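Presented below is the structure to which this report refers.
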């Protein structure tokens with residue numbers, strides 16, 4: 001069935017690329033009398049509804065993240081050109097890294113795009129029977145063992161307020177007390193946004209140091225203005241959810257370890273919508289059942305703590321190289337970078353000398369942060385060398401440059417202005433002990449460094 | 001490839017019985033009028049009766065009344081486009097600036113399928129108190145050759161001729177779709193109004209608007225070669 005759809009899609013792709021055959025007249029003799037059978041145009045009921053259901057409706061339905069609905073033929077037809085534009089421009093569905101091998105890889109295939117274009121070209125026929133109306137897919141199974149909610153709403157303004165912060169804007173931190181007397185093993189995190197269209201990203205860090213609580217208590221409002229990380233643990237070290245993308249879920253047999261008496265510190269990156277919005281967020285945690293064995297996931301930062309880029313210039317900066325002392329399994333990566341970052345890379349050089357780009361994001365968008373999960377996990381032997389590289393573009397030609405004209409970007413954040421937080425698991429007790437120390441040690445190293453990182457990137461990447 | 005100029009001028013003639021639009025001025029001319037936009041006669045514009053969403057009975061209203069002000073700003077918009085909605089605070093500031101000089105700003109919902117109920121709810125939620133009209137048949141959208149929302153058209157009248165003095169985004173909040181500045185640093189449409197009042201040239205009369213594409217009534221999308229890489233199909 002899928003093969004047939006694929007073939008039909010390719011045929012339509014070819015047909016629509018030819019100049020203006022009138023609808024319904026496709027097919028017939030060509031060349032030396034070869035006859036191509038007429039192919040009926042795709043229909044909403046038969047072809048397009050399934051594509052929209054699969055690729056769009058999760059977000060573009062009533063009460064979901066998308067700003068408009070795409071649940072019926074008229075809605076899709078009315079926005080047809082716009083849909084093709086955002087698909088061709090790589091804006092929708094939102095997905096940043098290149099390559100395959102990801103969990104929940106979101107894309108519209110070439111065949112699907114061709115089918116949609118052919119349907120629009122032929123006037124958007126409904127097909128047999130009444131027009132289908134699409135329902136958003138139901139939530140995936142989730143057992144909410146622990147739920148936390150903001151005690152009151154934080155009201156975000158109708159447009160960004162530039163007054164208080166020179167760096168990231170439209171972010172707000174909230175510390176949720178977990179009131180856990182004993183350690184927890186978190187399998188999955190679900191974020192239920194109160195105002196889905198106003199929410200972009202939720203980044204998590206479990207904190208048993210009181211750093212998040214300290215920030216919250218200093219601010220008279222619910223939560224706190226978020227310009228950095230509380231303590232030495234970076235926000236997102238324990239997972240990042242892009243609104244509309246589903247849950248943060250680890251594979252069976254792994255968990256995020258949460259010490260007793262911890263808080264869940266969450267950074268919400270919101271989107272001003274033109275009206276004041278009330279954010280009263282709720283977070284649910286699914287725990288590994290007590291009887292099940294599970295391995296802890298730790299965080300490993302590949303980060304740059306300070307940058308200084310002159311107005312109108314570009315710069316490549318890179319993290320320190322981390323050489324693994326124990327074999328690890330890499331389950332995912334949560335990238336983070338400022339707006340002027342154009343490209344973001346994470347590379348590994350294995351002990352045998354061969355190299356692999358673990359993540360390559362050629363067109364970074366800091367509004368689309370999320371944890372990227374590998375399927376299957378990547379084995380990193382002891383001796384593997386890891387590094388992150390960031391291409392910064394502080395010129396006027398960078399459309400994401402928030403300053404017009406460009407301004408010097410001289411910023412530091414002790415815990416990592418640019419960072420990729422690797423979600424890794426050790427295979428041995430010694431390996432886990434090593435992992436528990438290397439993350440904080442690396443961050444402390446960044447905190448001691450007063451000047452921009454000068455570490456040279458790995459040769460193969462530097463040559464790009 | 002069909003160009004817009006022929007059918008628009010034909011429509012104008014048929015609808016109004018009025019002279020067709022003047023030929024566009026020299027596109028190399030960077031004066032304070034919009035180079036590629038037509039000069040429209042008032043007689044032609046007065047036949048554009050758009051549905052007034054404030055009138056629940058479906059009444060109509062002309063955008064360019066004969067006895068109206070000499071400066072009219074038309075903003076093509078949408079109830080659901082996130083870029084249009086993010087521009088609402090600037091829209092209110094633009095309205096205030098236009099009101100201050102005795103002009104008139106109208107908001108025209110340009111997306112097909114928008115209902116009066118949705119437009120009213122949108123206006124109430126976002127505290128919009130300017131005239132809000134529906135262009136269900138894309139009469140005005142077609143004549144202005146609007147392609148995306150939000151887009152502002154700052155127009156002035158000289159006797160019975162209207163000139164588009166500025167067309168483009170309200171401000172520079174968005175550099176591209178999905179690429180939003182921290183905050184807008186230039187309010188292009190307000191600056192255009194101020195320049196007109198001051199009698200000074202408008203810095204750049206045409207700027208590409210950034211926003212949600214308007215699917216024009218009766219036109220179908222052109223196919224674009226697929227550039228999305230094929231990935232595994234389940």
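Quick note: the coordinates plus some simple rules give every number you see, no bench work behind them. Bear in mind the structure is a predicted one, so any value in this text is a computation, not a measurement. Note: ideal-geometry Cβ built from the backbone for every residue, glycine included; neighbour counts use all protein chains shown.
Laid out as a table, the results:
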{"read-out": "Mean separation of Cα contacts under 8 Å, 6 or more apart, over the residue count of the range A:51-206: relative contact order %", "value": "27"}
{"read-out": "Computed Kirkwood radius, in angstrom, where 1/r is averaged over Cα pairs of the range A:190-305", "value": "15.6"}
{"read-out": "Two-decimal Rg to Rh for the range A:90-227 - Kirkwood Rh, Cα set", "value": "1.07"}
{"read-out": "Sequence of A:364, A:119, A:102 once ranked by neighbouring C-beta atoms within 10 Å, starting from the fewest", "value": "A:102, A:364, A:119"}
{"read-out": "Average Cα contact separation per residue, chain A, under 8 Å, 6 or more apart, as relative contact order %", "value": "17"}
{"read-out": "Part-to-part distance (alpha-carbon centres) for the range B:87-153 and the range A:287-323, which is given in Å", "value": "46"}
{"read-out": "Neighbour-count ranking [beta-carbon atoms within 10 angstrom, fewest first] of B:151, A:357, A:339", "value": "A:357, A:339, B:151"}
{"read-out": "Sequence-separation-based contact order of the range A:297-464, relative, with Cα cut under 8 Å and 6+ spacing, percent", "value": "42"}
{"read-out": "Contour minus Cα-Cα distance for residue A:219 and residue A:293 (0.36 nm per residue)", "value": "22.6 nm"}
{"read-out": "Sorted by Cβ density within 10 Å, fewest first, the residues A:238, B:160, B:215", "value": "B:160, B:215, A:238"}
{"read-out": "Shape of the range A:166-241, Cα gyration tensor, a/c cut at 1.5", "value": "oblate"}
{"read-out": "Percent of Cα-Cα distances greater than 13 Å, calculated over the range B:69-129", "value": "62"}
{"read-out": "Shape category assigned to the range A:250-337 from the gyration tensor of Cα positions, a/c cut at 1.5", "value": "oblate"}
{"read-out": "Sites residue A:261 and residue B:198, calculated FRET efficiency, Cβ-Cβ separation with R0 60 Å, nearest 0.05", "value": "0.40"}
{"read-out": "Stokes-Einstein D (µm²/s) once Rh is taken as the Kirkwood radius of chain A over alpha-carbon pairs, at 20 °C in 1.002 mPa s", "value": "89"}
{"read-out": "Cα gyration tensor of the range A:297-464 - equivalent ellipsoid semi-axes, whole Å, descending", "value": "28, 16, 14"}
